[in-house]
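What follows is one structure encoded as structure tokens, with my remarks underneath.
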Amino acid sequence: MVMLNELKSKTASGWINGCLGVLIFSGSLPATKIAVMDFDPIFLTVARASIAGLFALIVLFIFKEKHPIYSQIVPLIIVALGVVVGFPLLTALALQHITSAHSIVFLGLLPLSTAIFGVWRGGEHPHPAFWIFSIVGSLLVMGFAFIQGVSASLAGDTLMLAAVLVCGLGYAEGAKLSRVLGGWQVICWALIISLPAMLIMTFMFMPNSFANVSTPVWISLVYVSLFSMLIGFIFWYRGLAQGGIAAVGQLQLLQPFFGLALSATVLGEPVNLLMIAVTIGVILCVVGSRLFAK
């Protein structure tokens, strides 16, 4: 009975941490959309990784964390390629072609991507019914994209699909590693591994002048650097490790709901009834998939 209560408590903590991570991540695409107004997507990607990496270096030094062992280096590189470089760069490039609101709906595919990689890399085996709800949620998102006219923004939509794929791999690999290394330690070491290259590229792609960079763009850079790239992952990886990659990963279906609200209020982008209907549909899917996650 004690072990059962501990398991339930751990699972509940996983969902709470996962929700906090999703809430933080929800502001990532709207903030990125603002940032690419004045910053080149490549510079934005490497600059945010550099800023987060420097903070991660300070945190690890303060807490005197031990270095990862040799067998953990490759998984950390995969995490870095997926969530430190791949997802930020691909989404920044995509947002040059599509609106923040449109890109956010693609995040409904992240739970399926994360669950697939969770099975492959994390050794999880959800109930068959879980996949039904996860696939239905993904189909809702894809259906929305085609109804909106996927051919009109083929480049943007293709980049978002690639971003979802590499992000799912980074999430699953990081969650698996968090079980032995710790949640915040994983993202910090992934940032540090990529830091030398990110710093060099930051200076290579730095604009000639920052005089015309607006205040909202600077604020957005701070947000995607500290919250999207570091703080959000501390909660997210801990949640995935505690509650299960496939199960807690379904919380990402809530991210479009929060993101669309931010896009409408902060950026003034139109959010139509179809977007709201798709969001409600994927929220119902996360409820269904939660029941069959184990």
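The values are calculated or read from the model by the stated rules, or taken from the named source; none is laboratory data. This structure is a prediction, so every number in the text was calculated from the model and none was measured. Because the Cβ atoms are built from the backbone with ideal geometry, glycine has one as well, and the counts that use them run over all protein chains shown. Calculation scope for accessible area: heavy atoms of the full protein, side chains included, ligands and nucleic acids excluded. Shrake-Rupley method; radii C 1.70, N 1.55, O 1.52, S 1.80 Å.
Name every residue in region 115-127 that is in contact (Cβ under 8 Å) with a residue 40 or more places away in the chain and of a type outside the set (Gly, Ala, Ser), in order of residue number.
Of everything in region 115-127, those that are in contact (Cβ under 8 Å) with a residue 40 or more places away in the chain and of a type outside the set (Gly, Ala, Ser) turn out to be ILE116, PHE117, VAL119, TRP120, ARG121, GLU124, PRO126, HIS127.
Can you tell me which residues in region 237-294 are buried (at least 20 other Cβ atoms within 10 Å of the Cβ) and among the charged types (D, E, K, R)?
ARG238
When only residues in region 110-121 that are within 17 Å of LEU177 (Cα to Cα) and either at pLDDT below 80 or among the hydrophobic types (A, V, I, L, M, F, W, C) (or both) count, which is surrounded by the fewest Cβ atoms within 10 Å (Cβ to Cβ)?
Narrowing region 110-121 to residues within 17 Å of LEU177 (Cα to Cα): 114-121.
From what is left, the residues that are either at pLDDT below 80 or among the hydrophobic types (A, V, I, L, M, F, W, C) (or both) are 115-117, 119-121.
Numbers: ALA115: 30, ILE116: 18, PHE117: 26, VAL119: 16, TRP120: 12, ARG121: 20.
Filtering first and then ranking leaves TRP120.
Going through SER220, SER228, SER178, SER138 one at a time, which residue ends up being surrounded by 24 or more Cβ atoms within 10 Å (Cβ to Cβ), in contact (Cβ under 8 Å) with a residue 12 or more places away in the chain and either farther than 17 Å from LEU29 by Cα or not small (Gly, Ala, Ser) (or both)? Reasoning before the result, please.
Values: SER220 fails: either farther than 17 Å from LEU29 by Cα or not small (Gly, Ala, Ser) (or both); SER228 fails: either farther than 17 Å from LEU29 by Cα or not small (Gly, Ala, Ser) (or both); SER138 fails: surrounded by 24 or more Cβ atoms within 10 Å (Cβ to Cβ).
Answer to the selection: SER178.
Tell me, which helices (runs of 4 or more DSSP H) lie completely within region 1-109 with 2 or more residues that are at pLDDT 85 or above and either open to solvent by less than 80 Å² (accessible area, probe 1.4 Å) or among the hydroxyl-bearing types (Ser, Thr, Tyr) (or both)?
In region 1-109, 2-25, 28-35, 41-62, 73-79, 87-94 are the helices (runs of 4 or more DSSP H) which contain 2 or more residues that are at pLDDT 85 or above and either open to solvent by less than 80 Å² (accessible area, probe 1.4 Å) or among the hydroxyl-bearing types (Ser, Thr, Tyr) (or both).
Being of a type in the set (Phe, Trp, Tyr) and closer than 24 Å to GLY259 by Cβ narrows it down to one residue among PHE235, PHE203; which is it?
Within the list PHE235, PHE203, the selection yields PHE235.
For the list (1) under 13 Å from the mean Cα position of the chain (by Cα); (2) at pLDDT 95 or above, I need the number of the one condition that GLN252 fails.
(2)
How do the pairs read when you match residues in region 153-174 that are open to solvent by 40 Å² or more (accessible area, probe 1.4 Å) with residues anywhere that are among the β-branched types (Val, Ile, Thr), using Cβ under 7 Å and keeping only pairs 6 or more apart or on different chains?
Correct list of pairs: LEU169/ILE78.
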